[in-house]
Amino acid sequence: MNSKTQNKVAIGSLYGIAGLVVLILLALLGYILVSGVPQLSWHFLTAPGKAFLKGGGVGIQLFNSFYLLILAMLISFPIALGAAIYLYEYAKDNWLTTTIRTAIEILSSLPSVVVGLFGFLFFVVKLHLGFSILSGAFALTFFNLPLLTRSIEDSLRTVSDVQREGGLALGLSRWETVTRVILPAAVPSILTGVILSAGRVFGEAAALIYTAGQSAPALNFTDWNPFNISSPLNPMRPAETLAVHIWKINSEGIMPDAKAISSGSSAVLVIAILLFNFAARYLGKRLYKRLTSA
Amino acid sequence: MKEDILTTQDLHLYYGDKEALKGINLDFDEKGITALIGPSGCGKSTYLRTLNRMNDLIPNVTITGTIKFKGNDLYAPSADTVQIRKEIGMVFQQPNPFPFSIYDNVIYGLRIAGEKDKERLDAVVEKSLRQAAVWDEVKDHLHESALALSGGQQQRVCIARVLAVSPEIILLDEPTSALDPVSSSQIEATLLNLRHDYTIIIVTHNLQQASRIADRTAFFMNGELIEVDQTKNIFMNPANKQTEDYISGRFG
Ligand SMILES: Nc1ncnc2c1ncn2[C@@H]1O[C@H](COP(=O)(O)OP(=O)(O)O)[C@@H](O)[C@H]1O
Ligand SMILES: [Mg+2]
């Protein structure tokens, strides 16, 4: 076989593999959407669930998912940002930073169920936080932190060193250069990373089963005092999310329309994550355009 | 005799154990343009970057000797690098405007220093861009991104950005080597305008450029300063054989 045919065969098989991946993905998405979308209605998206009867919705789970996501992001973003700035802009290469990097590496490859079990033992049991939004948010933080830190570090890396030199040569301090030149320049890319990781967090179930819990007590959406037990904002209440709900219905759901609710929930989850992804791309591009062109 | 604004005595610089500058003695009096020439890798950039302490950013650099700016030791423990770099500005080979508007680029240094007065900022922007000879080209789109400009315009905006913080010395490291000939000659004209008000030190590997704009030229080779003199002496009547060989294109 001469190198030309070799080349053709190689490219051909790569196209084949790529095509196969796309096909599998489309088939999966198609299946989930086709079986799920017909279940969707305003009622389904807003009504509370029913344990034994048909006609329940996923309103509470949907709210819980967003609430947990926001809390987890509020906790993990500042930490990840600080860690990434330290690691990329300040840290020298020594044993300490090597250790931190290795720790981040290992944390990011931990299976989320392990993170969940750790969260259960530490937050739920040891710190007596119980099955609660707070336990779940902390577990999600552990799950999210390494990924987010690395993605922000990558964003900082996309800003060229000539920008750093430019800032310093202008008499800005290191800190001013980072916060006033590098970070603004990295914002589009950081934002993209944040939204993509939000998608991952939103769909996460294993880390939450034993931390945020598997029950969704009824909420009173007129009571926004976080200290009241039925308030949606109460961080100490158990909170089953959409992803956990799907897992639970499929393993032990006894309502007559379990199958339909599971399909509908899956569709909601997939659509939300797709929206996150599109939003990330769109916002990232727009911000970058605004920063870089007329 | 004019006062020396910047003096270098027995300056050595090591990257690890590699000696990149081998005892440089070179002084600059106020105003005017000095060109640093020499074959690539001879230490011109390294020397230039010792003058505003940009080499501090590179790990494992050791510097010995004395550099004084207006009589003060640039490397004294009490020296404030941030302040030094405000007084000794730098323009790089690759135009590096920030990814913001032209206006913001020019006033960035001042704004971070705390200047809020809109009128004063506007005035500084206009003055700096005029000094950098790019005002007429950009005055109608000050609030558009500097990255949308041509390379030559970007470089002049970078010069304006340096001028806006009112430095006394401007260092330029091959500022035209990434630009087309037309933009290069615009930059040269800009520098010729500025030479009455600023002390300008420019690294260039373009000998014609040195001969066109520099009052004084310093020839470096292998980390040593071989010769420094009035530009016309260096080009017409160099004292050193190596300088003569380099000027006449026998190496480098
Ligand atoms: N960051 C660095 N680390 C190690 N060696 C360097 C570094 N920068 C420059 N050098 C070396 O120092 C010498 C002088 O380099 P430089 O000052 O860039 O030369 P020039 O600007 O005259 O071309 C060269 O041999 C170069 O390889
Ligand atoms: Mg150089």
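Every read-out reported here was derived from the displayed coordinates using simple, explicitly stated rules and does not represent laboratory data. The structure displayed is predicted, hence computed values, not measured ones. Here the Cβ is made from the backbone with ideal geometry for all residues, glycine too, and neighbour counts use every protein chain on show.
Observations on the structure shown:
- Of all beta bridges that DSSP places with both ends in the protein assembly as shown, some 60 percent have antiparallel geometry.
- Among B:M90, B:M221, B:M54, the largest mean-square fluctuation in a Gaussian network model of chain B (Cα springs under 10 Å) belongs to B:M54.
- Full-extension gain in nm, A:A258 to A:E105, via 0.36 nm per residue minus C-alpha separation: 51.2 nm
- Summary value for chain A: 26 percent relative contact order, contacts being C-alpha pairs under 8 angstrom separated by 6+ residues.
- Proximal lysines relative to A:K285, as straight alpha-carbon distance under 16 Å, when same-chain residues fewer than 8 apart are discounted: none
- Whole-number percent relative contact order across the range A:123-274, with pairs defined as alpha carbons under 8 Å at least 6 apart: 28
- Entries in B:K68/B:K232; B:K22/B:K68; A:K50/A:K126 that, when Cα-Cα distance is taken, lie over 29 Å: A:K50/A:K126
- Farthest toward positive dipole pole in the protein assembly as shown [+1 Lys/Arg, -1 Asp/Glu at C-beta], among B:N206, A:Q61, B:I33: A:Q61
- Rounded, prolate or oblate (a/c below 1.5 giving rounded, otherwise prolate when a/b exceeds b/c) for the range A:43-291 by Cα gyration tensor: prolate
- Ranking of B:C42, B:C158 by neighbouring Cβ atoms within 10 Å, starting from the fewest: B:C42, B:C158.
- Between 0 and 90°, nearest 10: helix B:118-131 axis offset from chain B longest Cα axis: 40
- Farthest positive-ward along the range A:216-294 dipole, Cα basis, beta-carbon charges - from A:F276, A:F221, A:S231: A:F276
- Rounded FRET efficiency, nearest 0.05, which uses the C-beta distance separating B:H143 from A:Y31 and R0 of 51 Å: 0.50
- Summarising the label geometry, the points placed 7 Å from Cα in the beta-carbon direction at A:L283 and B:H12 lie 5.6 nm from one another.
- Descending Cα extents along the principal axes, the protein assembly as shown, whole Å: 102, 69, 51
- Length-normalised contact order of chain B in % [C-alpha pairs under 8 Å, at least 6 apart]: 27
- Helix A:3-36 vs. chain A, principal-axis angle (Cα, 0 to 90°, nearest 10): 30
- Cα gyration tensor shape of the range A:1-130, rounded if a/c is under 1.5, else prolate or oblate by comparing a/b with b/c: oblate
- Dipole magnitude for the protein assembly as shown: computed about the Cα centre from +1 point charges on Lys and Arg Cβ and -1 point charges on Asp and Glu Cβ, it is near 1760 debye.
- Spin-label proximity, B:A189 to the range B:120-154 - amide N less than 16 Å from point 7 Å beyond Cα toward beta carbon: B:129-139, B:152-154
- Overall form of the range B:1-97 per C-alpha gyration tensor (a/c, 1.5; a/b vs b/c): rounded
- Potential extension, B:M236-B:R120 segment - 0.36 nm per residue separation minus Cα distance: 37.1 nm
- Dipole size of chain B about its Cα centre, with +1 on Lys/Arg Cβ and -1 on Asp/Glu Cβ: approximately 80 debye, rounded to the nearest 20.
- For the range B:4-247, convex hull volume per residue from C-alpha positions, Å³: 124
- Other-chain or far-sequence residues with amide H under 5 Å of B:M90's (modelled H): B:L171
- Estimated from helices alone, the mean residue ellipticity of chain B at 222 nm is -10000 deg cm²/dmol (sum of -39500 (n - 2.57) over DSSP H runs with n ≥ 4, per residue).
- Acute angle (nearest 10 degrees) that the helix A:59-85 long axis makes with the longest principal axis of chain A, alpha-carbon atoms: 20
- Going from the fewest other Cβ atoms within 10 Å to the most, the residues A:L168, A:L121, A:L140 appear in the order A:L121, A:L168, A:L140.
- Unit charges on C-beta of K, R, D, E only; dipole of chain A, Debye: 580
- Point-to-point label distance, A:L53-A:L127, nm (Cα→Cβ direction, 7 Å offset): 3.9
- In terms of surrounding Cβ atoms within a 10 Å radius of their Cβ, B:S78, B:S150 rank from fewest to most as B:S78, B:S150.
- Share antiparallel - DSSP beta bridges, the range B:4-247, percent rounded to 5: 60
- Positive-pole candidate from B:N55, B:V138, B:G65, dipole of the range B:24-141, charges at beta carbon: B:G65
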